[in-house]
Every structure is written in structure tokens, then in C-alpha cells.
Amino acid sequence: MDVKKTGILAMVIFLVGVVGSVSAATPDLPKWVIVPEDALNFADVTLFCPLDAMDVTNNVTLCYVNGTPVNATIVFNTTTGYPKLTTGKIENAFEFTGGTYVQGNINIPATGVLTFVVWGRLIQQDAGYDFPDMLIILGPSWTNIRLEFATGYSANLDAKDRSVFIINNGTAQIGVEWYGDISQWHMYVGKVDFNIKQICLRVDDGEWTCKDFSSLGGLDGLVYNYFRSGDPGYQGLHVWDVDEARIYNRALTDDEIKLLYLAGRKKLSELANFRQISSPFIDISRDRATFYAGLEVSTSDPNGYVPVPESAVNMSITSAPKLVSDYTGAPFYYQGHYWYRADKIQFNLPIQFETVREKGGFSKTVLLNGDKKTFVYEKEFKVTNPTATRLNVVYSVDPTSLGFSVLQYPQFEIDGIRMAEWRPSNSSTLYLISTDSLEPGEISTHWIRSVWTISKEELEFPAKLDDFRSITDWTVAQRMAENAIKGKTDTYVKVIKIDSNADVSNVTVLVPLNVEDEDDVIEAVALTGSRETLQIERLDDGKIVVKVPADAFVSGHAEIKVLYNKSDSWFSNLLEKIRSLMRKILSLFGLGGG
């Protein structure tokens, strides 16, 4: 049998509604339901200033404190006209220069964890001033926490320019720096942990850089009573943009930070609920294959957008709107997923199977020219779970598709563990199965291995046709062989016993015979199974073989008998006739003989 062409290794996939552990290689956001932020959803943000609009009549801009709209005061520079509205990361941004700022009142105690998130970029430097450019600051006065751009005396950006996140107790300060191209938009995230006395900074979707500030005193019991973007402290001509300024009185998870960086005004709602609704089979004997698992993803959030892989097909809802990125205005796409506004969506998901390497195999025709043959089939394959949910997997092989009977088949192993039997209800079909679990995003690699052995034993002795026909099984042949007398006849019987660790269903076994020609074989019959007359065939290399079909096997065992003229009998007869003729010729000349 050619496993690559005919073997069917079937795999059943069951998806359960359990989110697995997340690693760097696994989906993160696709395990979440996402909701857009609005005025009602800003309640979990201690301070949010979108910096989208200016009320130039009242010199205020709208911010939110724990979801409540508040007006922050805008201080203009009447000479320069700053701050100005400019194109921001989301809608508009404020562009500041020296002596301009936005400020409002707030009440945040210096306890727990505070997290700052703000987009910013430096537009222009003033060579005459070496002052920081404030992105966001919590005061009072010099006892503050601030995120700023720090530049030198230069009209051009250089390697000294950086962003800095600083905590100040009024007399001393400690800061964490990031060096990079601050002329480009970056999302700066600062974190102050008053529990462990640590200040940290990360930029965009980068790693945290932290410093200890336990040496700073004077912070216990402190309450920060105002916030500000921009800086009133100098009149230089630095110009910088600020957008989407946020402060949280808690730590943000990596997933929350990533969502803000990638999609904008969005927040995580709840873990998406995945469940399996159908379990397909697949022939993984091919080099590559795709099968479809039926999935359902749902949420209890009436405003939630559920994650659906891009590769999903046959979606139950095709008109559900997609979640849109606030930065691009296009559907939000991440790690192979889109998000749809629906309480529940069902879909089919293609799961990828791929052969890594394969060696050995089973043959449809076996030349048993020795006492024993062993066939080892090994295949390494991998299965990819592209989802953000755990997959329970059942690998299965149908032994009949590989040419074996359900009554007896070679042992199959997955990763060295013997596969178990499973028979579907009201079915005569048999499967060998092995279970596995794929974590979110996991690529699972496995070995399947099977060993098929087949051996033979032969008896050969002189016998006549009547003796041949009286042989009914191997035991009878053994007794007859013990009593056979050489030279009794020119015809011989060969009885062959074949044993296998599997009951074959579509394999033909060829057994070589010690004859010169097909016509030397008088008769060949199976003693087991079909008990049919067997065919004799000459192979390309000249060997004469008897063909033992699968029908002759019963539970991996077959016996056959062959009656034939032994290859040297005709030659012996010829020599005897020549000798007889020579004796007659010699007698005619009186030279003896007779």
C-alpha cells in the first residue's frame, strides 16, 4: 500500500470555551471582546483629555474625569496664537509652544499605581532655550509627576533629544529616559508604583524601563490637585504636539496598552466565549491539508465586538459591522483577526495540517523472498491552531484505508503512545485515536509510527498428485514431509505458511518458487481463506512466483500448497535417456552395454 496516496489519517477537532495561557507566540488581543470608548465608557479612565476641540469663546477644552465631562482651561499666547489645533493621531491634537498650556483640577492621591498614556511629537526646537516640553504633568507645583521632551541648545533634533518620565518630591527628582526620534508620533506610557517605589517608561509597544525612587521622601499623603499639558514656564519657540492624554489610577495590562496603541479609543470588555459546534475529519496522508472546524464565539456585552479569524468562512452573520481603528478609519485587524459587533457568530475555521517529513511505508505488493520482512512507516506532521482559544484534538487513523482488516492491524503510535480503538455507534467502522490539546496559537508537531511484519515458513518434499490433493493444512503437510522418500517421484510439493501481525485486505504477497518456467507448476491452491486456485507469474527479473491474495488470509495467517516439477527432474530424465541410448549404440558394436 502506498500510504501517501491511500492512507487516511483522520483528525477530529473539538473546540472548548476555555482560553489558554498566553505566551509571546500566542494571540493576545484576539482572546478579548473589545468595545469602543465613549463618554459612558470613559468612567474607568481617571483623566482623559482627547484634545480634539477648542472653545475659543470660553478658552476651554473638554476632558473627562472618571467619565464626568469637565472643562480644562486653555492658556493662549496672544502673540504667537498658540496653542493651535493640528492633525492628531485621532481627529485633532493641540500644538503648544512656550507659555501655552491646558490645565484643570483633579484629585489623585499618591498611592497605589498611576499610569500615564499620551501621544506626542516635537515639531521645532529653539536654540536659545534649554527647557522641557511638557506632554502631561500632575502637580502640585514642583512636587509633580511629568512626561516631557528634553532637548538641548540646538535648533535641530540630535542624539541628545529624548523623552523623560519624572517623579519630583519638590527638592529632588528621578527620571526614566527614552532616546529616539521624538519628531515622530509616539505613544508614551509612564507608570508610577508607589507600593514598590518604582517609576517606569515604555514607548509604543516596547518594553518597560524602570528605576527605583525609594530615595525620594515627602510623597506620603500627597494629593495631586491639577493636571496640565503644555508649559507656562518659559517663552521659547519650541513647538510640540500632544494628543490623547490619559491618566489611570491603576496599572494597565499589556493587552490594554497594546489596544490603545493599535486601535485608539477602545477598551477590553471580557474574554470571548468560544465553543465547538462541529468536528470534521481530514485525510492527513497528503502533504498538506485543510479541514474546517465549526466554531461559535459570543459575548454578554451588548456593545461588544467579538474576534473572528480572517480565514473564517460560512459566517452566520455577514452584515455585522467591523470594529474600526480610530487611527486609520479602516477595520481593525490584528494577529489574523477582525472584530464584529454581534452577540454571537458561528463560522467554519480552516485548520492547517502539514507534513514535515515522511519515510518508509506499506506496499500493495510484497515480494516475500526471505523468511521475514518488516515495513516501518513514520511520518512527522504539524497542526496549527490559529485561534485565541484552546483546541482539543483527536488524531485518528482508519486501518482499513491502509489495507488492513478491522479484526487485526499493526499497532499505530503517536509520539510513542499506542493509539486506542474507537468504534462509532451503530457502525462497523473502526478508528485508532489519540488525543491532544493545542494552546492558543500553538503549532503542534507529532510523529505517527507503525510497524508491519510478515514472515513465511516452507516445507518441500517429493509427492504425487494424489498426495498433493490430500494435503489440507500445514500439519498434514508436516507429517507427509516426514515420510516422504526422495526419488519416489519427479514432482514435488511446496507448502508455505505465511504469518503477519495484521490481517491484510488489499495486499498481494508474492512467494518465489524454485522452478525454471511457469509451466513447471502443475497446481497451486490456497489452504486457508478463499481456498482458491492461485496464479503463477514471471517477474521482470525472471523469478517465478506464486501470488497469494488477501482473500487467502485469515487473521493474518495464510497457508498455500504448490505442486510442480522440480527444476532438476527434467534434466535428470534427459541424462538417463542419453545414457540409455549410448548403451544401445555400444551393444550394436559389441562393445558391451545392455
Counted residues, segment 478-499 - those being under 60 Å from the mean Cα position of the chain (by Cα) and open to solvent by 70 Å² or more (accessible area, probe 1.4 Å): 1
Candidate set: segment 144-168, residues that are open to solvent by less than 30 Å² (accessible area, probe 1.4 Å) and in a loop (DSSP other than H, G, I, E, B); chosen: the one modelled with the lowest pLDDT: Ser154
Strands (runs of 3 or more DSSP E) wholly inside segment 271-323 containing at least 3 residues that are modelled with pLDDT under 90: 273-278, 288-298
Any pair with Cβ under 9 angstrom, 6 or more apart, that starts in segment 247-267 at a residue that is outside the structural domain of Asn105 (by the TED database) and ends at one that is part of a strand (DSSP E or B) and among the basic types (Lys, Arg): none
Among the candidates Thr389, Thr318, Thr384, residue that is surrounded by fewer than 19 Cβ atoms within 10 Å (Cβ to Cβ), farther than 30 Å from Val511 by Cα, under 24 Å from the mean Cα position of the chain (by Cα) and of a type in the set (S, T, N, Q): Thr384
Test for Leu51: is it part of a strand (DSSP E or B) and in the same structural domain as Ile136 (by the TED database): no
Hey, Leu407 over 33 Å from the mean Cα position of the chain (by Cα), open to solvent by 60 Å² or more (accessible area, probe 1.4 Å) and among the hydrophobic types (A, V, I, L, M, F, W, C) or not: yes
Filter result (at pLDDT 85 or above, open to solvent by 20 Å² or more (accessible area, probe 1.4 Å) and either on the phi > 0 side of the Ramachandran plot or among the aromatic types (Phe, Trp, Tyr) (or both)) within segment 410-429: Asp415, Gly416, Trp422
Near pairs, Cβ below 6 angstrom, 6+ apart or cross-chain, from segment 397-408 (not assigned by the TED database to the domain that holds Pro549) to any residue that is basic (Lys, Arg) and surrounded by fewer than 17 Cβ atoms within 10 Å (Cβ to Cβ): none
Set Gly206, Gly217, Gly180, Gly221: member being surrounded by fewer than 20 Cβ atoms within 10 Å (Cβ to Cβ) and closer than 23 Å to Asn66 by Cα: Gly221
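Return the total of residues in segment 522-558 being part of a strand (DSSP E or B) and open to solvent by 20 Å² or more (accessible area, probe 1.4 Å).
Initially, segment 522-558 is screened for residues part of a strand (DSSP E or B), giving 522-526, 533, 536-538, 544-548, 554, 557-558.
Okay, now just the ones that are also open to solvent by 20 Å² or more (accessible area, probe 1.4 Å), so 522-523, 525, 533, 536-538, 547, 554, 557.
Number of matching residues: 10.
Might you let me know whether segment 450-466 holds any residue that is under 32 Å from the mean Cα position of the chain (by Cα), buried (at least 20 other Cβ atoms within 10 Å of the Cβ) and either farther than 30 Å from Ile544 by Cα or basic (Lys, Arg) (or both)?
Looking through segment 450-466, at least one residue is under 32 Å from the mean Cα position of the chain (by Cα), buried (at least 20 other Cβ atoms within 10 Å of the Cβ) and either farther than 30 Å from Ile544 by Cα or basic (Lys, Arg) (or both).
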Per-region count, segment 500-528, residues more than 15 Å from Val545 (Cβ to Cβ) and either more than 47 Å from the chain's Cα centre (by Cα) or free of Cβ contacts under 8 Å to residues at least 24 places away in the same chain (or both): 5
Single residue of Lys84, Lys89 found to be open to solvent by 50 Å² or more (accessible area, probe 1.4 Å) and either on the phi > 0 side of the Ramachandran plot or without any contact (Cβ under 8 Å) to a residue 24 or more places away in the chain (or both): Lys84
Candidate set: segment 270-311, residues that are of a type in the set (Asp, Glu) and more than 24 Å from Thr435 (Cα to Cα); chosen: the one surrounded by the fewest Cβ atoms within 10 Å (Cβ to Cβ): Glu310
The lone exception for Asn77 - which of (1) touching a strand residue (DSSP E or B) at 6+ places or on another chain (Cβ under 7 Å); (2) at pLDDT 95 or above; (3) open to solvent by 10 Å² or more (accessible area, probe 1.4 Å); (4) of a type in the set (S, T, N, Q) it fails: (2)
Unmet requirement for Gly221, which otherwise passes all of (1) in a strand (DSSP E or B); (2) out of contact with any Cys (no Cβ under 9 Å at 6 or more places or on another chain): (1)
Any hit, segment 469-477, residues being more than 60 Å from the chain's Cα centre (by Cα) and loosely packed, with under 15 Cβ neighbours inside 10 Å: yes
Residue satisfying all of: in segment 392-404; over 22 Å from the mean Cα position of the chain (by Cα) and open to solvent by 10 Å² or more (accessible area, probe 1.4 Å); farthest from Ala312 (Cα to Cα) among these: Thr400
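The values are calculated or read from the model by the stated rules, or taken from the named source; none is laboratory data. Just so it is clear, the structure is predicted and the values come from calculations on it, not from any experiment. Don't worry about glycine lacking a Cβ; one is built from the backbone with ideal geometry, like all the others, and counts go over all protein chains shown. What goes into the accessible areas is simple: the full protein's heavy atoms, side chains included, and nothing from ligands, DNA or RNA. Shrake-Rupley method; radii C 1.70, N 1.55, O 1.52, S 1.80 Å.
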